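Chemist: One structure, as structure tokens, below. Some questions next.
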Amino acid sequence: MEYPVWVVPFLTAPMLIPLVAIPHVIVAQFAVGGGFLLADSVTWAYRNGRSDVLAYLRDLARFFVLLTIVFGALTGVGIWWTIGLTSPESTSALIHVFVFGWATEWVVFVIEIVSAFAFYYLWDRLRPREHMAMGWIYAASAWLSLVLITGITAFMLTTGRWTPEANFFVAFFNPSFLPQVLIRTGGSLAIAALWIGVHLSFRSPEALRDELVPRVSRWAIVGMLLILIGGIGYFAVLPDHARLNILRAPLLLIMTTLNFGATLVALTAFGLGYLRGGRWINPPEALLMLLIGIVAITSGEFLREGARKPYRIERYIFSPGVRVAEAALLQQEGLIARSPWLQLYLREDLGLPEEALRDPARLPETQKVQVGEALYVYHCSSCHALDGYNGIRPLIQPWTPEMIADAIRHLHRTNPAMPPWLGNESEREALIAYLIALQKGGR
Amino acid sequence: MPPIPKPDPLGMPIPIGYLFALKVFGFFLHMVFMNLWLAGLPVAVILARTRPHVSERLIAAMPFAMAFGINAGIVPLLFLQTLYPQFFYPATILQAWFWFLVIPLLLIAYTAVYLAAFGRWRILASLAAAILLTWIGFQFSAAMTLTARPDHWPTLFRSAAPAGGVHGWTLYLEREALLRLGLMAGMAFGTVGAFLALLTEIRQGDSRLQEEARPLVPILFTIGLGIFGIAGSLYAPTVADRLPRILQLLTGASVPIAWAAAWLYRARPRPATAIILTILQGGVLVSNAIARQVVQATELGPWVDLGKIPVRGEWGSFAMFVGALLIGIGVLGWMLRTAWIRVRA
């Protein structure tokens, strides 16, 4: 609430995050799994003197290195960029808790880039042992990067024993850390295997496919088992509010079903690949399987984000960017009193006097509605666009004014995914006045 | 009083001196690679016909410069957000769309750089990347300048406040931001010059490169000196009271010293003079990285007393980082040594 709010029409600013994050997660997991699969395949090819396999792997590595270094790196930075714009309080908190986790990840990322470049660009020049070592260094650093980032993202869902006084390691090794590392490691192996399936189906002769598909499928089956073990652990450690969100929100239920369904289909495909070799794979089938893999990752990410509400960081920051510890103070003193940007707007743009900032409900109706609109921007617009994503206008359209007032008065009880009202009584009345005006078409 | 948020209640992880040192170190690293693309791409485009070998070498180096430049850029941003989140976030949110667009534009520029390096539409792709990256450079300059100017926030906010929120289409087009970009561009020509000198002396057998690059090095330094001189003479008076005299002297003098070394290299083109030139250009970047940090800290001094922010003492995770850094240096050392031996062979 202390920061200005970026209003993104139709979509809401935080919805820009998945636009960047989901492609990144897919590519980053692809990089991690691909690292292991490439390193393993190159090692096998060298040990068996298979120059045909090495030639094929070089072709595969070119696209792989480009995609992960360019797209993976940039979208990774892009997530950080976007969360800073849309949730500055939470980003600042994550940076202050995990600054040296991020710095360590940077070191690992430098190694990842150098090893990827060396692995691809010096393909013909390195000795086999050196080339294999570069591949395994790449795989290990990409996986370590995944582990470090997972500690941070898992913390947002389950803060566990962490309190603002606790240190980095308490935050990092939070309850959902290990399950999420297993899920993501497994997902990485699976998505990389699915991609290699696509590549093989287009590029390689059938004999090579027969050899490589079972090899790749073996890694992927291990990955799927990791997903299953991690998935069970994940649901076991989910906080009650997150479990409740999944059970009561239809969209999250659909995502859960999609996630399980897609995972099972992929597991079956890998089983077939392992048992029957690569001849059954053709481009449309391989592409369909890759799509199913992408659906599994996307739904998993959506589930993780959706289940977290009403928090941005569990039990520490509510979705509108208010620290849980400060909620009572805001409810007493008012949201406006704690928001310097809102004060600036109300004072300078609307020309409201000091006393009106403390008690907006006493203002004439027009001004009360204007204050309510600004309160909507600061309290609600991070999750509700006016008409687009989670649109507030269509949502309240069938409601009576009494229902609107009642919903706002009991926000968290009406819907556990909503935070409690984080302002004083007078401000709540101003918001209600605005929503009623909005419903009547007055705004 | 500008609407400055309070410092993060979690406090500083370790004493601020360490954080400043890491921020400056990261910024220096970032500048080395970022300079290569900022001046290297326009130089490659302009010289495509007259010095094709130099142009080709520069284009071939760009994917690496981009990868490491973007990577190194994470470090100063990380520590900036640790030290000054309450200044950095409002400054970027006020220009939200422009700041957000940096990522897709960078993605396009990066792709263009690879296209050029792989020989597809070399000049057109390089030109597109050069334009986009210069724009991104300006956007960074605008964001960093506004970060240190909270007194300018209210005016920008009031021109961009739908119902108290921010629409994000405001651009901070201030003279200071342009001058800062100018200073960086001036240094960038020198860095490209030093890179070419070093590359030429490493690739002893490449006579075409020697022929084209050696006379070019002092020209690049002269262009850099000119740009730096003009931007610096306009910018320096605005920060004269905020920058200690010794740093003013260092930042001001380091550029002509490197320029003189470039002419020395021209007269005696040998590995030793190329190394001296590179070290002196490194000195230009280091002194500027320190000076920029001092100016930023002085500009923000009236608004926040960092010394009063409690320190949590995150020494455990700091030790983890230092340990990873040391192991990383070892692994990187082995990889670079191996690569060097194989490339030379």
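Chemist: Would you please name the residue that is surrounded by the fewest Cβ atoms within 10 Å (Cβ to Cβ), looking only at residues in the stretch B:287-338 that are of a type in the set (Lys, Arg) and more than 9 Å from chain A (Cβ to nearest Cβ)?
Modeler: Initial filter on the stretch B:287-338 (of a type in the set (Lys, Arg)): B:292, B:308, B:312, B:337.
Going one step further and asking which of them are more than 9 Å from chain A (Cβ to nearest Cβ), we end up with B:292, B:308, B:337.
Values: B:Arg292: 23, B:Lys308: 7, B:Arg337: 10.
Per the criteria, the residue is B:Lys308.
Chemist: Could you identify the single residue in A:Ile313, A:Ile221, A:Ile281, A:Ile292 that is in the same structural domain as A:Ile95 (by TED's automatic domain parsing) and under 23 Å from A:Asn390 (Cβ atoms)?
Modeler: Numbers: A:Ile221 fails: under 23 Å from A:Asn390 (Cβ atoms); A:Ile281 fails: under 23 Å from A:Asn390 (Cβ atoms); A:Ile292 fails: under 23 Å from A:Asn390 (Cβ atoms).
None of the other options fit; the residue is A:Ile313.
Chemist: So, B:Ala319, is that one aliphatic (A, V, I, L, M) and over 25 Å from the mean Cα position of the chain (by Cα) or not?
Modeler: On the way: aliphatic (A, V, I, L, M): yes; over 25 Å from the mean Cα position of the chain (by Cα): yes.
Here the answer is yes, as B:Ala319 does meet what is asked.
Chemist: Considering every residue within the stretch B:255-263, establish whether at least one is of a type outside the set (Val, Ile, Thr) and more than 27 Å from B:His30 (Cβ to Cβ). Before the answer, list the steps.
Modeler: Just the residues of the stretch B:255-263 that are of a type outside the set (Val, Ile, Thr), to begin with: B:256, B:258-263.
Keeping just the survivors that are more than 27 Å from B:His30 (Cβ to Cβ) gives B:263.
Within the stretch B:255-263, one or more residues are of a type outside the set (Val, Ile, Thr) and more than 27 Å from B:His30 (Cβ to Cβ).
Chemist: Here's something else I'd like to know. Give the residue that is nearest to the other protein chains (Cβ to nearest Cβ), with candidates limited to residues of the stretch B:108-136 that are surrounded by fewer than 19 Cβ atoms within 10 Å (Cβ to Cβ) and closer than 21 Å to B:Phe27 by Cα.
Modeler: Ranking the qualifying residues of the stretch B:108-136, first place goes to B:Trp135.
Chemist: Separate question: It is to be established whether one or more residues within the stretch B:178-201 are touching a residue at least 24 places away in the same chain (Cβ under 8 Å), more than 19 Å from the chain's Cα centre (by Cα), within 14 Å of chain A (Cβ to nearest Cβ) and assigned to a helix (DSSP H, G or I). Even if it seems obvious, please write down each step before you answer.
Modeler: At the first step, the residues of the stretch B:178-201 found to be touching a residue at least 24 places away in the same chain (Cβ under 8 Å) are B:178-201.
Pick out the ones that are also more than 19 Å from the chain's Cα centre (by Cα) and you get B:197-201.
The next check asks that each one be within 14 Å of chain A (Cβ to nearest Cβ); those that pass are none.
Scanning the stretch B:178-201, I find no residue that is touching a residue at least 24 places away in the same chain (Cβ under 8 Å), more than 19 Å from the chain's Cα centre (by Cα), within 14 Å of chain A (Cβ to nearest Cβ) and assigned to a helix (DSSP H, G or I), so the answer is no.
Chemist: Restricting to the stretch B:301-316, name every residue that is in a helix (DSSP H, G or I), without any contact (Cβ under 8 Å) to a residue 24 or more places away in the chain and under 26 Å from the mean Cα position of the chain (by Cα). First the steps, then the outcome.
Modeler: Step one: filter the stretch B:301-316 for residues in a helix (DSSP H, G or I), giving B:306-308, B:315-316.
Filter again for without any contact (Cβ under 8 Å) to a residue 24 or more places away in the chain, leaving B:308, B:316.
None - no residue of the stretch B:301-316 is in a helix (DSSP H, G or I), without any contact (Cβ under 8 Å) to a residue 24 or more places away in the chain and under 26 Å from the mean Cα position of the chain (by Cα), so the list stays empty.
Chemist: If I filter the stretch A:34-48 for residues that are hydroxyl-bearing (Ser, Thr, Tyr) and touching a Leu at 6+ places or on another chain (Cβ under 9 Å), do I get at least one hit? Working first, answer last.
Modeler: The first filter runs over the stretch A:34-48 and keeps only residues hydroxyl-bearing (Ser, Thr, Tyr), leaving A:41, A:43, A:46.
Within this subset, residues satisfying the condition of being touching a Leu at 6+ places or on another chain (Cβ under 9 Å) are A:41, A:46.
Taking every residue of the stretch A:34-48 in turn, at least one turns out to be hydroxyl-bearing (Ser, Thr, Tyr) and touching a Leu at 6+ places or on another chain (Cβ under 9 Å).
Chemist: Please state which one of B:Gly193, B:Gly165, B:Gly182 is surrounded by 24 or more Cβ atoms within 10 Å (Cβ to Cβ), closer than 21 Å to B:Trp99 by Cα, of a type outside the set (Asp, Glu) and out of contact with any strand residue (DSSP E or B) (no Cβ under 6 Å at 6 or more places or on another chain).
Modeler: On inspection, the qualifying residue turns out to be B:Gly165.
Chemist: Since A:Ser115 meets every condition but one in (1) within 9 Å of chain B (Cβ to nearest Cβ); (2) under 23 Å from the mean Cα position of the chain (by Cα); (3) touching a residue at least 12 places away in the same chain (Cβ under 8 Å); (4) over 23 Å from A:Ala171 (Cα atoms), which condition does it not meet?
Modeler: For A:Ser115, the exception is condition (2).
Chemist: What's the number of the only condition in (1) at positive phi; (2) surrounded by 24 or more Cβ atoms within 10 Å (Cβ to Cβ) that A:Gln29 fails to meet?
Modeler: Of the numbered conditions (1) at positive phi; (2) surrounded by 24 or more Cβ atoms within 10 Å (Cβ to Cβ), the odd one out for A:Gln29 is (1).
Chemist: Taking the stretch A:344-382 on its own, how many of its residues are assigned to a loop (DSSP other than H, G, I, E, B) and either without any contact (Cβ under 8 Å) to a residue 60 or more places away in the chain or touching a Lys or Arg at 6+ places or on another chain (Cβ under 8 Å) (or both)? Let's see the steps before the verdict.
Modeler: The first filter runs over the stretch A:344-382 and keeps only residues assigned to a loop (DSSP other than H, G, I, E, B), leaving A:350-353, A:359, A:363-364, A:380-382.
Add one more test, that the residue is either without any contact (Cβ under 8 Å) to a residue 60 or more places away in the chain or touching a Lys or Arg at 6+ places or on another chain (Cβ under 8 Å) (or both), and what stays is A:350-353, A:364.
Adding up the residues that qualify gives 5.
Chemist: Confirm whether B:Phe100 is surrounded by 20 or more Cβ atoms within 10 Å (Cβ to Cβ), at the interface with chain A (Cβ under 8 Å from one of its Cβ atoms) and either in a helix (DSSP H, G or I) or within 17 Å of the chain's Cα centre (by Cα) (or both). Don't jump to the end; show me each part of the working.
Modeler: Numbers: surrounded by 20 or more Cβ atoms within 10 Å (Cβ to Cβ): yes; at the interface with chain A (Cβ under 8 Å from one of its Cβ atoms): yes; either in a helix (DSSP H, G or I) or within 17 Å of the chain's Cα centre (by Cα) (or both): yes.
Yes, satisfied.
Chemist: For the stretch A:85-111, what are the residues that are of a type in the set (Gly, Ala, Ser), under 15 Å from A:Ile17 (Cβ atoms) and buried (at least 23 other Cβ atoms within 10 Å of the Cβ)?
Modeler: Start the filter on the stretch A:85-111 by keeping residues that are of a type in the set (Gly, Ala, Ser), which leaves A:87, A:90, A:92-93, A:101, A:103.
Those left that are additionally under 15 Å from A:Ile17 (Cβ atoms): A:87, A:90.
Matches in the stretch A:85-111: A:Ser87 only.
Chemist: Now for a different question. Applying the selection to the stretch A:250-276, what residues are crowded, with 17+ Cβ neighbours inside 10 Å and out of contact with any Ser or Thr (no Cβ under 9 Å at 6 or more places or on another chain)?
Modeler: A:Leu252, A:Thr263, A:Ala266, A:Leu267 - these are the residues of the stretch A:250-276 that are crowded, with 17+ Cβ neighbours inside 10 Å and out of contact with any Ser or Thr (no Cβ under 9 Å at 6 or more places or on another chain).
Chemist: Ok, one more. If I ask for residues that are among the basic types (Lys, Arg) and closer than 25 Å to A:Lys368 by Cα, which ones from the stretch A:291-338 would you list? Outline the logic, then answer.
Modeler: Residues of the stretch A:291-338 that are among the basic types (Lys, Arg), as a first pass: A:304, A:308-309, A:312, A:315, A:323, A:338.
Result: A:Arg338, single match.
Chemist: To continue, here is another question. Out of B:Leu41, B:Leu19, B:Leu29, B:Leu36, I need the residue that is outside any loop (DSSP other than H, G, I, E, B), within 14 Å of another protein chain (Cβ to nearest Cβ) and in contact (Cβ under 8 Å) with a residue 60 or more places away in the chain. Which one? Let's see the steps before the verdict.
Modeler: On the way: B:Leu41 fails: within 14 Å of another protein chain (Cβ to nearest Cβ); B:Leu29 fails: in contact (Cβ under 8 Å) with a residue 60 or more places away in the chain; B:Leu36 fails: within 14 Å of another protein chain (Cβ to nearest Cβ).
Going through B:Leu41, B:Leu19, B:Leu29, B:Leu36 in turn, just one is outside any loop (DSSP other than H, G, I, E, B), within 14 Å of another protein chain (Cβ to nearest Cβ) and in contact (Cβ under 8 Å) with a residue 60 or more places away in the chain: B:Leu19.
Chemist: Which residue, of A:Tyr56, A:Tyr121, is modelled with pLDDT under 95 and touching a Leu at 6+ places or on another chain (Cβ under 7 Å)? Walk me through it before giving the result.
Modeler: On the way: A:Tyr121 fails: touching a Leu at 6+ places or on another chain (Cβ under 7 Å).
Within the list A:Tyr56, A:Tyr121, the selection yields A:Tyr56.
Chemist: Here is a list: B:Thr155, B:Thr170. Which entry is outside any loop (DSSP other than H, G, I, E, B), within 12 Å of another protein chain (Cβ to nearest Cβ) and more than 16 Å from the chain's Cα centre (by Cα)? Before the answer, list the steps.
Modeler: On the way: B:Thr170 fails: outside any loop (DSSP other than H, G, I, E, B).
Among B:Thr155, B:Thr170, only B:Thr155 is outside any loop (DSSP other than H, G, I, E, B), within 12 Å of another protein chain (Cβ to nearest Cβ) and more than 16 Å from the chain's Cα centre (by Cα).
Chemist: Would it be correct to say that B:Pro269 is part of a loop (DSSP other than H, G, I, E, B), surrounded by 17 or more Cβ atoms within 10 Å (Cβ to Cβ) and either in contact (Cβ under 8 Å) with a residue 24 or more places away in the chain or out of contact with any helix residue (DSSP H, G or I) (no Cβ under 8 Å at 6 or more places or on another chain) (or both)? I'd like the intermediate steps shown before the answer.
Modeler: Numbers: part of a loop (DSSP other than H, G, I, E, B): yes; surrounded by 17 or more Cβ atoms within 10 Å (Cβ to Cβ): yes; either in contact (Cβ under 8 Å) with a residue 24 or more places away in the chain or out of contact with any helix residue (DSSP H, G or I) (no Cβ under 8 Å at 6 or more places or on another chain) (or both): yes.
Judged against the criteria, B:Pro269 is a match.
Chemist: Looking at A:Trp143, A:Trp80, can you tell me which residue is within 11 Å of chain B (Cβ to nearest Cβ) and not in a loop (DSSP other than H, G, I, E, B)?
Modeler: Values: A:Trp143 fails: within 11 Å of chain B (Cβ to nearest Cβ).
None of the others qualify; the one that does is A:Trp80.
Chemist: State which residue is farthest from A:Gly306 (Cα to Cα) when the search covers only the stretch A:362-389 and only residues that are more than 10 Å from every other protein chain (Cβ to nearest Cβ) and among the β-branched types (Val, Ile, Thr).
Modeler: Looking at the filtered set, the residue picked out is A:Thr366.
Chemist: Right, something else. Please indicate, with yes or no, whether at least one residue in the stretch A:52-75 is closer than 18 Å to A:Thr150 by Cβ, within 10 Å of chain B (Cβ to nearest Cβ), of a type outside the set (Gly, Ala, Ser) and outside any loop (DSSP other than H, G, I, E, B).
Modeler: Step one: list which residues in the stretch A:52-75 are closer than 18 Å to A:Thr150 by Cβ, which gives A:68, A:72-73, A:75.
Subsequent filtering for residues that are within 10 Å of chain B (Cβ to nearest Cβ) retains A:73, A:75.
From what is left, the residues that are of a type outside the set (Gly, Ala, Ser) are A:75.
From what is left, the residues that are outside any loop (DSSP other than H, G, I, E, B) are A:75.
There is at least one residue in the stretch A:52-75 that is closer than 18 Å to A:Thr150 by Cβ, within 10 Å of chain B (Cβ to nearest Cβ), of a type outside the set (Gly, Ala, Ser) and outside any loop (DSSP other than H, G, I, E, B).
Chemist: Answer with yes or no whether A:Leu395 is under 28 Å from the mean Cα position of the chain (by Cα), surrounded by fewer than 19 Cβ atoms within 10 Å (Cβ to Cβ) and either modelled with pLDDT of 90 or more or not assigned by TED's automatic domain parsing to the domain that holds A:Leu335 (or both). Let's see the steps before the verdict.
Modeler: Numbers: under 28 Å from the mean Cα position of the chain (by Cα): yes; surrounded by fewer than 19 Cβ atoms within 10 Å (Cβ to Cβ): yes; either modelled with pLDDT of 90 or more or not assigned by TED's automatic domain parsing to the domain that holds A:Leu335 (or both): yes.
Considered against the rule, which asks whether it is under 28 Å from the mean Cα position of the chain (by Cα), surrounded by fewer than 19 Cβ atoms within 10 Å (Cβ to Cβ) and either modelled with pLDDT of 90 or more or not assigned by TED's automatic domain parsing to the domain that holds A:Leu335 (or both), A:Leu395 comes out as yes.
Chemist: Next question, about the same structure. With respect to B:Ser141, determine if the residue is at negative phi, out of contact with any Lys or Arg (no Cβ under 9 Å at 6 or more places or on another chain), more than 8 Å from chain A (Cβ to nearest Cβ) and among the hydroxyl-bearing types (Ser, Thr, Tyr).
Modeler: Numbers: at negative phi: yes; out of contact with any Lys or Arg (no Cβ under 9 Å at 6 or more places or on another chain): no; more than 8 Å from chain A (Cβ to nearest Cβ): yes; among the hydroxyl-bearing types (Ser, Thr, Tyr): yes.
Against the criterion (at negative phi, out of contact with any Lys or Arg (no Cβ under 9 Å at 6 or more places or on another chain), more than 8 Å from chain A (Cβ to nearest Cβ) and among the hydroxyl-bearing types (Ser, Thr, Tyr)), B:Ser141 does not qualify.
The values are calculated or read from the model by the stated rules, or taken from the named source; none is laboratory data. For clarity, every value in this text was computed on a predicted model and none was experimentally measured. Cβ coordinates were reconstructed from backbone atoms using ideal geometry, including for glycine residues, and neighbour counts include every protein chain displayed.
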